[in-house]
Every structure is written in structure tokens, then in C-alpha cells.
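Engineer: The structure's right below; bear with me while I get my questions together.
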Amino acid sequence: MSTTSGLQTAPGRPLVGRREERTRLRQLLDGVDAGGAAVLVTGEPGIGKTTLVEEAADHAVAAGYTVLRCVGVEHERTVGFGGLHQLLHPLTGHLPQLPRRQQATLATVFGTDDAEGQVRAPDRLLVHAATLGLLEEASADRPLLLLVEDVQWLDRSSADLLGVLTRRATQTRVVLLATLRTGDTAPADRPGWQVEQLQLAPLSAEESGQLLDELGTPPTGRLRARVLEEAYGNPLALRELAVLVQDPGAPADADRLPRLPLPQRLEDAFMQQVLRLPDPTQRFLLVAAAGEDAPLGEVVAAARDLGLHPLDLAPAEAAGLVRVLAHELRFRHPLVRSAVYGAAPFAARLAVHEALAGSTSAGRSTWHRAAATPDPDEQVARALTDVAEDAAQRGAQAEASAAYERAAALSVDPAARLRRLVEAAETARLAGLASAASLSATVRPLLADPSAEPALAVRAAVTRWRLSASHGEWAGRIEELVRLAEDLAGPTGTAHPHARMRALSAAAIGVNVLHPGGTLPGRVRDALAAVRPLGVPDAELQVALLLVDPLQHAARWRGRLGQIGGAVPAPNRLATAAEAIQDLPTAAALWSTATELTRQAREVSEECLTLHGQALVRVVTGDLTGALASAELTRRMSGDAGLFIVQAAALGVLAQASTWTGDLERAAAALQQAQTTAGSAPVGRTAAELHWAAGLLALAEHRHRDAWVRLRQVEEHPVVAAWAIGDLTEAAVRSGKAAEVTGVVEQLERDNAVFGSPHLAMLLHRSRALLCDGPDAEDAYRAATAAGEVGGAPLELARTRLAHGVWLRRQRQIGSAVEPLTEALNAFDAAGARLWAERAAAELRAAGAAPVDRHPRGARDAAALLTAQELQIAHLAADGHTNKEIADQVYLSHRTVGSHLYRIFPKLGLTSRAQLRDALGR
């Protein structure tokens, strides 16, 4: 952060001082071809932020930039993506160059989505990708400077998008330059904004004096000293207070000047100038202040409705308080606007908003009508609900939430109020707003009303449950869902079965993920049994039962879950159910299907969950390149979408896959980042997955005691604990804890008698072999190998053969050891598991056999040479997708995809796209 003093002269004159900041901005602008930048200029009102960025804009224009602007307006945060539209509307001519879905997304956001292929209700990540793509297209010929003034007042949807741009700026020819008023709660304060900050400090005493001397008639004597004291180095305050103290009506005694906080002093100074204007001019200024960023024509029309004339504005323009441009009326400073609006009587503000409601565009008109309505009014509430629905369809969830909340406040009917508050809470959750929790808390007591709709009660409870995922309150929220389902049953136990089923479906996935103890799982089972005969959808019921009690229902559904895929509303639940009954082949197939379905639906939060599920199951089934690609995409998408628990889980998968490939440094870094990302200690399945990844890394580094400590904690989740049993047993044996793992193996053997999983059977037989010796070990290794050959997990089979070969060599059965060791080496090589391949090769040499050349080109080289994101793009390109098709799948611009491919080819020694399939070992 740079903090220096400087001197701002009167408007229209060159900026003096601020040398360090001016130099830095010019450096960033001149170096854009090496990568863009994001800069946030901060400081109190009047400190010179606008003057600094305007000089930067002049420099950019001279350097050949295209300069785009938007201005945040106080109180005007109700139009979703309003800032984005203002900023990027000049670039719409570049839309046809974008991939089809990205074109349609921006058309939806801008409200021009009449074209075929339009996307309704785009998720945030798709809007982010489309916007970045548009900026890359527009900056291909000329770099872009994006000027965003008063970012603290920007609408939330636009601010979130700019936050993503700050993280991607260095990969573009775009410089983002934003200003922020110090002390305001700003979108830029949110996690995810990555900017260089230039903080403008007050002027020095000498510079302040110089500025006063540049005024036509500067104050003198004690008045001068008092102005310098009160302004405290603020250039705007110096000018305005100098004018104020020399006004004929001002106190002659400097000691009688009021002492107020600086913003209030500036507002008072501006208001003194406003009060000297004719009454019609003051009223016209109030219309403009209430109209916020409405076009000039709409402001004039509203003023005419109040009996005013455009010429009434002339005195304010002559006084320099406003400027009238071609299509807008611009206040000299935001404090002028706030002073005019804040000083107006309540009745005058109501009248002005009523006039603006009749002259402004549809969305703004409704908000003005709401501002002119102090009492509940169902007609206005319905209109605001329409505004909320439109905002939600355009992906502006934050603004939709604000409209729903205001509509609820104006609702006459209690049921309608409750409905709108529930929608406000859910859209706030989708937008990642902190207000989601408070809205949800507001809803909760209203649901106690016996007249509340059961479906609304369930939706509100599900929203609270989803919100609790990052706050450590899952168990309590699952309890709420179950209690709600029980209460909705009524005296006869037969009321509202479908609403109860929806609550229980959410509770079932919560139980599966969290795996709580106590009576909660049993209560969910009992509640599901109660709705079973009441005509609820059977497929949804069966999946819920599997999630809560897999052992009881595994036999019926093993190998058959794919048959009911179309009847289950959430595809990831079906894949999770397959994992719960240890049906690995079905789980792998269902995760792939779920990923494709959620991608097509553009449900980014669900797509992140399914991509993570696919990534983990790819590790288990030995597809390391696919696992790395899916996990990296999940990490990036979930981070951009604010799904930090999912991001932490994705980093755990990256750590596992990196350990398998032998990149132990990358694995350790991913685990460290996962711990930071997850915040408070993760629980349930996420915690188990991270412990498994950490334990596997510790095993790879021969830290057996550490591995034992971490892998014991995998027992927090039964599915992950089953998949990690081979690692747990190895850590136990190598750290002298074999006796403590025997009971775990025995329990899993009893469970697998029901599950019938060849994959789990292989792991359990291998565990038995590690725990015993002599003929029993030989039998166990052979049984493990036989099960592994049909288990669908070739890397774990290779580890089994490696362990068997090591055991045979140590039993001096050298000839018998060569075959399993060779097969293990070949499998590790084929998958790119370099660390284990090296161990298998070393064991072969110890057995007197010479390993063959283990480095032909193929998937293992791709995993070693490419980043996870490059792997993802390379796979899609090898499958025949164009750059634009790839961009639509991985939420990047097609130019970024092209840049990745440009780097991929030389890394793999290729010259054409056609060679990718062979290079990736397809």
C-alpha cells in the first residue's frame, strides 16, 4: 500500500503532487502488454481520488486505450448488473465472437435475450466467464481501462464480478482502476478482491497553504488558520470551507465556526450554497438527487410533473453544483447529492419519488413507487415481486433479494409476506450475502403460524440447512428438517406427505455427509418409513433410505441405481447413494452423468459438487489425469462461486492425485491451502477426505506415525473410511498399531458381506495380508488380487501386487515375486503414478529383474508436464471440441483456451491438435 501526501488544485487544473501514485498508475498502464492490473484508490471524500484517476484516464487515451466508465451511486443498488451494463454496454458489438452460451448469458444479463439459445437465470460463474471473454475480445486490438468510481455504491452483482476480474487481470490487457471512499463498507472489502491499493493521505500543511493561495480571494488571518485546521489537508474541504467562511452570512469570529466530522462539514458547506438558490432550483436538485443515475430525460419529465421547468436548473449549474451533459445530470460531488436529499423534508421526498415513478423505466419506477409508499400496499408489493423475479432470471440474485425483502415489508397479506421473505433469504443465499442468515432468522418465527404453507416451511428450512454448511451448524439444521417433517404429519400422521418428503430428502443427504451420531439417523429412518405408504415418489424415497441406512437397502439396489436416474431430482444424490452402498462402477458412471446434467443446466453450485464427486471417484478408480483435471476445475469454479467448503474438498482431491503422481510438494501445498480455505475445522465427509489425503501423503513420505494419526480420523465418514482402509492398515502396521486396526477391518468385513463390493474386498484382503504372515498372508494376497481384477480400481490392484511382490521377495520366493512386481510397475506407469512406479522398479531390481524402459510418451507424461487446468483442456481438445466449446465447458474465454493449448503443444512435443489423443494415452 502506498501512502503519500500531495496537492490537488481546483477542478480543471493539472494535478500537482501525488507523484508516487501518478508514476505507479502510468507504469501499470504502460506495461499492460505484459499483463493487466487492478488498482483501488482509497481515501476520504474530497481527498482527490477522482482527479487522480482522471489524469490516469488522460494518459491511457494518449497511449491508445479504450476507456470505459461506470459510477456507483448512493442508494442506487437495486438494479442488478446496473454497473456492469453501464461499464460494458459499449462493447456489445464484440458479443458475436463469444462462445454461444456466453453470448446468450450476457444477452440475458443485459435484458436483450430474444435470440435463440438464450440462457435463463445464469449462475454467477457463467456471467463471470462471459464477461472476461468479452473483455479479452475487446482488448485484443486495444487495451482497456475500466474506471469504476465509488465502488462502495456499486450494485452487488457488478461488484462481485469485478472481484473476479481483479483475480484475472494479470492474464488480460485490461487495467481496472476503482475508487473507494474510506470508512464505507465496500464490496472490495470482501474476500476475493485482489487489488493493489493506493491510499491517498491528507495534504501537508505547506501543500494546504499553497492550495488556499491559488484561490481567487483566499481567507486570511485567524479564518485562514481555522480553515487549515478544520480541513486537515482535504483539498475539497479547503476550497469549500474557504468559500463558506467568506460568505457574508458566516460568523466573523473563527471560534464560532461549527466543529463537525469532515463529511458533515462538507455537506453543510454544499448545503449552504444550495440554500442560496431559488426554491424551484432547490426542488429540481431534489428530483435529480432522488433520481440517482436516471437519464436526464427522465429527471426532467419528473420535474415537469412537479410544475418545474428545465430552466429552473440554470442557477445550480451556474453555481457549479451540477453539470448538465448530453444525457445525464451529474452532481459536482456525491456529497452534494447526499446533502440535498438528506436535508429535504420527508413529505417532499415522497412527492419526488412519486413523480419519478411516473417517468422512469420499469424497474426503477417500481422502486421509486416503493420509496413513495410509507405504508403496506399489496399492489406495490406485487410489482416489486415482479422486479425481484426479473432480477433473479438475469442472475442478479443480490438485487432480487433486496426487492423481495422490500416487497415483504409492503405486504398486506401475512402469507404473501412470509412467501417473499423466504424468497429473499434463498436469493440472498445464492448471492452469498451475509443478510441471508438474518433473513432466514426473521422467517423462522413466522413459520410457527398454523396457517403457514408447508411447502414454504420446508423451503425455508432447507435454505437454513444450506446456509449452515459453512458455519458448523449442520447437525442443528438437520434436526430442524426432521422435526419439521414430524410436525407436518399432523394428528393422523398422514398430512402433507410431499412436503415432508422434500424435508426428509434434504435431511438424508445431511445425515450422509455429516454422519452424526445419536438418535438423528434413526429419526430420519422412522420419518421416511412414515411417508412411504402415502404416495410419495418412490425413487426419491429409495435414495433417501439408501443415504441414511445403506446396509439395510444395499442388496436391492446394487448395480441398479442407474435405472432410476431420471426420477431423482438431484443427480448427485444418486451417485452419493451408489457410494454409500460401495457400488463403485455405478458411482463412477453416475458422477459422470450428473456432471454432464448439471453442466447443461448451468447450475454452477451443483456442478461444483458433482465435479468434486467425479474427481474423487476418479482417484479411487485410478484415473489420475482425469482426477487432476476435474479437481482443478472444481477448485477454480467453487472459489469463484464462494463455495469454500467445496473448494477445500477439491484441494484434498488435488493433494491425493498429486501424491499418486509423485508431486509431493504440490500435494502438501494443496493441503495447506485447503486448511486455510475451509476456515474453521471441517466436519463430516469433507474432514474425512482431507484426513485421507494428508494420511496418504504421510505414507508416501514414510511418516508412518503421522499417517496413522491422520487416517484414524477418516472414520468420521463410513464411505471414505472404507476406501482408506488399506492405507489405515499399512500405517498401523508400520507404526506398531496393528492391534488397534484389527477391529476396524473385521467390522468392514461384516459390512462387505452385505455390500458385496469387489473393490472393498480387495482392500480388506490386502489389509488381512498385512496383519498376518505365513500361508495366511499368501492366501490373503491372492484373494485380494482376484477381487481387485474385477474391482474397477487398477491402482489399488497395483498396490496390492506391489505389496504381494515385496512379501514374496522377503520370503525368498524371488521367482514368484517378479510377476506381480512387473504387473504393478506396468499399471503404475500407465496411470502416471511415478512414485509407486519407482518403488516397484526398485523392488524388481532387488529381485534381480531389470525393469523395461518405463518412459514412453503417454498419459503419465501429460500428468507430469501439464497443470491440472491444462490437462482438462487437453482432454477436451483431444475429444474433438473446438476452443469455443471448451470455453463453454470450463468457464473460460476461448482466447484463454487457445493460450493454454499454445503452451500445451510444446510441453508434450506436439505440433498439431490431431496428435493430442495419442499423447494423452487415449
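The values are calculated or read from the model by the stated rules, or taken from the named source; none is laboratory data. Remember, predicted model here, so these are calculated numbers, not experimental data. In this analysis, Cβ positions are derived from the backbone assuming ideal geometry, glycine residues included, and neighbour counts consider all displayed protein chains. SASA here: full protein model, heavy atoms, side chains in, ligands and nucleic acids out. Shrake-Rupley method; radii C 1.70, N 1.55, O 1.52, S 1.80 Å.
Engineer: Calculate the length of the line joining the C-alpha centroid of the stretch 804-843 to that of the stretch 678-724, in whole Å.
Structural biologist: Taking the Cα centre of the stretch 678-724 as reference, the centre of the stretch 804-843 is 26 Å away.
Engineer: To the nearest 0.05, what FRET efficiency results for residue 448 and residue 110 with a Förster distance of 41 Å applied to their C-beta separation?
Structural biologist: Here the calculated transfer efficiency is 0.45.
Engineer: Just want the answer: with Cβ charges of +1 for Lys and Arg and -1 for Asp and Glu, which residue in 808, 742, 495 is farthest toward the dipole's positive end in the chain?
Structural biologist: With unit charges placed on the Cβ atoms, the residue in question is 808.
Engineer: Which number comes out as Rg/Rh for the stretch 774-908 once both Rg and the Kirkwood Rh are worked out on C-alpha atoms?
Structural biologist: 1.15
Engineer: Another one. Hey, can you rank 320-329, 660-669, 869-878 by average C-beta count inside 10 Å, highest first?
Structural biologist: In descending order of packing, they fall as 869-878, 660-669, 320-329.
Engineer: Ranked from highest to lowest mean number of other Cβ atoms within 10 Å per residue, what is the order of the peptides 351-362, 811-822?
Structural biologist: Ranked from most to least packed, the peptides come out as 351-362, 811-822.
Engineer: Can I ask one more? What angle do you read, to the nearest 10 degrees and between 0 and 90, between the alpha-carbon axis of helix 664-678 and the longest principal axis of the chain?
Structural biologist: 50
Engineer: I would also like to ask the following. At a 10 angstrom cut-off on C-beta neighbours, averaged per residue, how do the peptides 587-598, 779-790 rank from highest to lowest?
Structural biologist: Taking the mean over residues of other Cβ atoms within 10 Å, the ranking is 587-598, 779-790.
Engineer: A follow-up question, please. How large is the dipole of the stretch 655-773 about the Cα centre if only Lys and Arg carry +1 and Asp and Glu carry -1, each at its Cβ, rounded to the nearest 20 debye?
Structural biologist: Taking the Cα centre of the stretch 655-773 as origin, the dipole is about 80 debye.
Engineer: Quote to one decimal, in nm, the extra length available between residue 754 and residue 412 on full extension: 0.36 nm per residue of separation minus the C-alpha distance between them.
Structural biologist: 117.4 nm
Engineer: While we're here: Give the carbon-plus-sulfur fraction of the accessible surface of the chain in %, rounded to a whole number; probe 1.4 Å, heavy atoms of protein chains only.
Structural biologist: That fraction is 52 percent.
Engineer: Label-point separation (nm) for residue 379 and residue 914, each offset 7 Å from Cα along Cα-to-Cβ?
Structural biologist: 7.1
Engineer: Given labels modelled 7 Å from the Cα in the Cβ direction, how far is it in nm from residue 735 to residue 676?
Structural biologist: If labels sit at residue 735 and residue 676, their model points lie 2.6 nm apart.
Engineer: Okay, next question. Between residue 483 and residue 556, take the C-beta separation as r, use R0 = 30 Å, and let me know the FRET efficiency to the nearest 0.05.
Structural biologist: With a Förster radius of 30 Å, E is 0.55.
Engineer: May I ask for the angle, rounded to the nearest 10°, between helix 604-620 and the longest principal axis of the chain, with both axes built from Cα atoms and the value confined to 0 to 90°?
Structural biologist: 30
Engineer: While we're looking at this one, here's another question. May I ask for the angle, rounded to the nearest 10°, between helix 49-62 and the longest principal axis of the chain, with both axes built from Cα atoms and the value confined to 0 to 90°?
Structural biologist: That helix lies at roughly 80 degrees to the long axis.
Engineer: Please compute the length gained on full extension between residue 713 and residue 346, using 0.36 nm multiplied by the number of residues separating them and subtracting their Cα-Cα distance.
Structural biologist: Result: 126.0 nm gained on full extension.
Engineer: Okay, next question. Compute the length gained on full extension between residue 182 and residue 194: take 0.36 nm times their separation in residues and subtract their Cα-Cα distance, giving the result in nm to one decimal.
Structural biologist: Separation in residues times 0.36 nm, less the Cα-Cα distance, equals 2.6 nm.
Engineer: Which aspartates and glutamates does residue 907 reach when only Cα atoms under 16 Å apart count, and residues fewer than 8 places away in its own chain are ignored?
Structural biologist: 861, 870, 918
Engineer: List residues of the stretch 732-770, by number, whose backbone nitrogen lies under 12 Å from a label position 7 Å along Cα→C-beta of residue 811.
Structural biologist: Only 769-770 fall inside the zone, counting backbone N under 12 Å.
Engineer: If you don't mind, there's one more thing I want to ask. Excluding ligands, DNA and RNA, what is the solvent-accessible area per residue of the chain at a probe of 1.4 Å, expressed in Å²?
Structural biologist: Ligands and nucleic acids excluded, the result is 40 Å² per residue.
Engineer: Counting each DSSP H run of 4 or more residues in the chain as -39500 (n - 2.57), what helix-only mean residue ellipticity at 222 nm follows after dividing by all residues, to the nearest 500 deg cm²/dmol?
Structural biologist: Calculated mean residue ellipticity at 222 nm is -20000 deg cm²/dmol.
Engineer: Set the Förster distance to 56 Å, then compute FRET efficiency between residue 600 and residue 232 from the Cβ-Cβ distance, nearest 0.05.
Structural biologist: That pair, residue 600 with residue 232, gives E of 0.45.
Engineer: Could you give the size of the charge dipole of the chain about its Cα centre, using +1 on the Cβ of each K and R and -1 on the Cβ of each D and E, expressed in debye and rounded to the nearest 20?
Structural biologist: Magnitude of the dipole: close to 1440 debye.
Engineer: Separate question: Mind putting together the pair-distance distribution for the stretch 363-483? All Cα pairs, 5 Å bins, whole percent per bin, short to long.
Structural biologist: P(r) over the stretch 363-483, rounded to whole percents: 2, 13, 22, 21, 20, 12, 6, 3, 1.
Engineer: Express the C-alpha Rg of the stretch 423-518 as a ratio against the empirical globular expectation 2.2 N^0.38 Å, rounded to two decimals.
Structural biologist: The value comes to 1.05.
Engineer: Taking the Cα-to-Cβ direction at residue 34 and at residue 62 and moving 7 Å from each Cα, how far apart do the two end points lie in nm?
Structural biologist: So the two model labels end up 2.1 nm from each other.
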